[in-house]
């Protein structure tokens, strides 16, 4: 049976509360849509999604950086059932940056 479901992870809050991390490899291979979020300041140092991604990547650097970009963007869109993307008639807000690594994603995650 197929279930159209999503899971939202908040890695730093998970670690703060339980000293454990979501099993990202398992989630990635499960076929379930994964999005990343943040919790309240009661269990976190700030509410930065970028810092959530960096923390998650630090503990899962063996996973392709593109997956982190996916859970931070399209993962959220899918979880909310929003029809967003790079398509005719849609808006896009690209940004450009100089990097010292192989990809801009690696630059953001470090």
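Projected label points at residue 39 and residue 81, each 7 Å from Cα along the beta carbon direction, are separated by 2.8 nanometres. Modelled spin-label separation between residue 26 and residue 73, with each label point placed 7 Å from Cα along the Cα-to-Cβ direction: 2.9 nm.
Label-to-label distance for residue 100 and residue 17 is 3.7 nm, based on points extended 7 Å past Cα in the beta-carbon direction.
Between residue 63 and residue 110, the contour length at 0.36 nm per residue exceeds the alpha carbon distance by 15.6 nm.
Quick note: the coordinates plus some simple rules give every number you see, no bench work behind them. Just so we're clear, the structure is a prediction, and the values are computed from it rather than from any experiment. Please note: Cβ atoms are built from the backbone with ideal geometry, for glycine as well, and neighbour counts cover all protein chains shown.
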